[in-house]
């Protein structure tokens, strides 16, 4: 028997031990469904891969791995896994009551690290709902809200959830994927109420965030309007662009617009890049660095290159990565993302250039806050880049550390920095408004002083000229103007008793600068008139005094000497020729020799022209404001209308009224000189000057 026992013992030793029976999955028993919902938590059967048979209720999943559904599968032994994965749970709803309907709330899968993905819900092998579309051509909504699905009448069965996570991007940590918030079950009414409560909780937890970005949007609109009124305020423009981009980012990330994930992911990166670029130019102008031509050029070049790279990255991330070329897309994503992240540090370079510059405290406050936001953003994003290889996610978690919450609104390093930047911008805008108010008051005072000066320079009454009737009218288009005229009676010692000098002119440009040039000209005219009454000599003297002072501007001017006998001597420096109404004859435009305006060329020779006015003749002198009046259709008053108007022999006031009624666009000055009949009382024919002021 021994020879039989030994082989038998040897055979028994070589025979493998029988495996213990596989552990049967636990069945989650749900009792009566009340007003609330039940969390379907605990351990679920889990398996990577894909097989349509896994949706069937009779499939044996006892050998599957068991995972919790309140944590991602990336944190439970499946680090950096992407692709298909299934969850199954045996649930008994029979205790909920006969005829009771059951509904389900499913939260988005994937978590922040894996940027979500599509999923399908099966109840007892029947597809009851889905999010997005599975490969090929996978697509899903960006950050979709919790969704509800009906399971029909309460009974026992198997709930299977098919998930898919796309190939990981360079920023993915590898710790995400799968279900990380347990589904909820309840009656349809309870599920509807729970979704409403979740929406309210979501809104309440972002109230400060939304209000902050609403302020950013309002500031952006106000800044843009202010910039449109004054295009020289470049810093205000870039502040407005940055402020307007913040609510755009918020809407993309939080408004549940239902946009495709690939579109939003890439487009939001473009928005982030534009935000960085706007901060660069904001710093450039706030710190007074725009005067440095090379720095401004390099900022522009870097901005164009960074935006081009962001657009290219948008193209890369919008591709279907579930292809044989996935490694190519991943490498391209890593390189492009690294470049755009590194470029965000350029704000620190600009800040370094600005050290030592004398700028206001408000500007420095905005510059420092903006640079801090850029630095925090760089650290936050760069700590995620390739973190599944470098394991630097701890740096990201440190930056994202929530210091405190207020009514569910959390505050971390980035939120606090963005809030401080908003406060700095508000303070800067307040200081800017106060400074603009102060400057406006000072400017208004300057204009008021200029108006007073111009009232002194433009005669309000005319000297009595024997044998002539004179009318004048001066109407500036703005608070102060560039037109001028003078009527200067000649002293008897000159041998020309009863003679007078008429001077009319127009300074190029408008406003205070033109008005100051007028004050120079009037003073010079009166000084020269005391030395000579020769019109050409006076123009030559004026041209000499304006040399090098006009800064590419010029002055047109006409000087006329009128004697008691009716003899007239005129000289013109680029001004409009006057009109002469001969009594009983057709209107004549005086043909004075052409000459350059004053202030253009130092050595210009001006010529005198003589003619005689008979009794009843009227001479009309005017500036181009009469000719260039425009109506609402932008049609010019023009030479033909001016000729027809002067032909009716209007006084200065009537001529100006006609142009103003048509549509004043420039300063208007009109002088009329009429020779009286022999023996007429000249004193009764001298009319007062009328000065019309533009409305405030």
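Computed from the coordinates by the stated procedures, all read-outs in this text should not be read as laboratory data. This one's a predicted model, so the numbers in the text were calculated from it and none came from an experiment. Please note: Cβ atoms are built from the backbone with ideal geometry, for glycine as well, and neighbour counts cover all protein chains shown.
For region 513-650, what is the relative contact order in percent, using Cα pairs closer than 8 Å and at least 6 residues apart in sequence?
With pairs under 8 Å counted, the relative contact order is 23 percent.
Want the number for residue 582 to residue 643: 0.36 nm per residue separation, take away the alpha-carbon distance, what's left?
Length gained, residue 582 through residue 643: 20.6 nm.
With the contact rule set at Cα under 8 Å and sequence spacing of 6 or more, what percent relative contact order holds for the chain?
Over the chain, the number comes to 10 percent.
Quick one: plug the Kirkwood hydrodynamic radius of region 27-201 (C-alpha pairs) into Stokes-Einstein at 4 °C, 1.567 mPa s, and report D in µm²/s.
The Stokes-Einstein estimate is 79 µm²/s.
Could you tell me what percent of the DSSP beta bridges with both partners in the chain are antiparallel, to the nearest 5?
Taking every DSSP beta bridge with both residues in the chain, the antiparallel ones total about 95 percent.
At 7 Å along Cα-to-Cβ for each site, give me the label-to-label distance between residue 214 and residue 611 in nm.
Taking the two extended label points, one gets 7.2 nm.
Taking Cα centroids, how far is region 515-550 from region 71-93 in Å?
Rounded to whole Å, the Cα centres lie 93 Å apart.
For region 126-195 and region 393-427, what is the centre-to-centre distance using only Cα atoms, to the nearest Å?
Spelled out, the Cα-based centre of one part sits 31 Å from the other.
Among 302, 203, which comes first, then next, by fewest other beta-carbon atoms within 10 Å?
If I rank by nearby Cβ atoms, fewest first, I get 203, 302.
For the modelled label position 7 Å from the Cα of residue 319 along Cα-to-Cβ, which residues of region 165-209 have backbone nitrogen atoms closer than 14 Å?
167-170
I'd like the orientation of helix 2-14 relative to the chain: the angle between its Cα long axis and the longest Cα principal axis, in ° from 0 to 90, rounded to 10.
Once rounded, the angle reads 10 degrees.
At a Förster radius of 35 Å, what calculated FRET efficiency corresponds to the Cβ-Cβ distance of residue 148 and residue 402, to the nearest 0.05? If you can, show how the numbers build up before the last one.
Values: r = 29 Å, r/R0 = 0.84.
Once the sixth-power term is evaluated, E becomes 0.75.
Given region 567-621 reduced to its alpha-carbon atoms as identical point scatterers, what log10 I(q)/I(0) does the Debye formula return at q = 0.13, 0.17, 0.21, 0.26 Å⁻¹?
Cα-only, vacuum Debye calculation for region 567-621: -0.38, -0.59, -0.80, -1.06.
What do you get for Rg/Rh over the chain if you use C-alpha atoms and the Kirkwood form of Rh? Let's see the in-between values first.
On the way: Rg = 43.4 Å, Rh = 33.4 Å.
Ratio value, two decimals: 1.30.
Order by neighbour count: 252, 283, 293, fewest other Cβ atoms within 10 Å first, most last. Intermediate values should be presented prior to the final figure.
Values: 252 18, 283 28, 293 8.
The most exposed by this proxy come first: 293, 252, 283.
When N counts the residues of region 458-691, how does its alpha-carbon radius of gyration compare numerically with 2.2 N^0.38 Å, as a ratio?
Ratio of Rg to 2.2 N^0.38 Å for region 458-691: 0.96.
Which of 221, 381 comes first, and how do the rest follow, when ranked by fewest Cβ neighbours within 10 Å?
Ranked by crowding around the Cβ, least crowded first: 221, 381.
Helix 652-663: angle to the longest alpha-carbon principal axis of the chain, degrees 0 to 90, nearest 10?
It works out to around 20 degrees.
Pairing the Cα long axis of helix 413-457 with the longest principal axis of the chain, what angle in degrees results, from 0 to 90 and rounded to the nearest 10?
For 413-457 against the chain, the angle is about 10 degrees.
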